[in-house]
Amino acid sequence: MPQYFLTIPHDTAEEPTMESMQEMDPVELEAMMAAVDRFNSALQDSGAFVHAGGLHPPSTAVTVDATGAETKRVPGPFVEATEYVGGFWVIKAVDEEAAITWAEQASAALQSRIEVRALQDNPE
């Protein structure tokens, strides 16, 4: 069954983290977390769940380049962008339409946009 990468975009200027989420209205935060828990449970109950996680902001990244004579380690992301992937799910779905239906539910739970992309098949 095909796998899909559902990503949660964040604004680079804000760099939200679990710590900064504590500054949200507690009632709104609790409602969002409950909605995400329901979404995650639905994914797991359906057998669609593969993996999920949240990412630290790009300012914490280190970009490694070992393509030349010397390996370089550069603090920061490899690309400058106004938005970045803040979290993700990898799911199994029968087709893109089913993956988009899951993304619609994730978007409603998080009150955020969700990008859907298929993972490439392994080479034979």
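The values are calculated or read from the model by the stated rules, or taken from the named source; none is laboratory data. It should be emphasised that the depicted structure is a prediction, and the values quoted were computed from it without experimental measurement. No Cβ is skipped: glycine too gets one built from the backbone with ideal geometry, and neighbour counts run over all protein chains shown.
Structural remarks
- Close pairs (6 angstrom Cβ cut-off, 6 or more residues apart or separate chains): without any contact (Cβ under 8 Å) to a residue 60 or more places away in the chain and among the aliphatic types (A, V, I, L, M) in the range 76-95, exposed (fewer than 14 other Cβ atoms within 10 Å of the Cβ) and in a loop (DSSP other than H, G, I, E, B) anywhere: none
- Residue, nearest to the chain's Cα centre (by Cα), within the range 55-69, restricted to residues that are outside any helix (DSSP H, G or I) and surrounded by 12 or more Cβ atoms within 10 Å (Cβ to Cβ): Leu55
- Test: Tyr84 is at pLDDT 95 or above and in a strand (DSSP E or B): no
- Considering the conditions (1) farther than 30 Å from Pro2 by Cα; (2) of a type in the set (D, E, K, R); (3) outside any helix (DSSP H, G or I), Glu124 is excluded by exactly one of them, (1).
- Scanning the range 101-111 finds one or more residues that are loosely packed, with under 15 Cβ neighbours inside 10 Å and either touching a helix residue (DSSP H, G or I) at 6+ places or on another chain (Cβ under 6 Å) or at pLDDT below 95 (or both).
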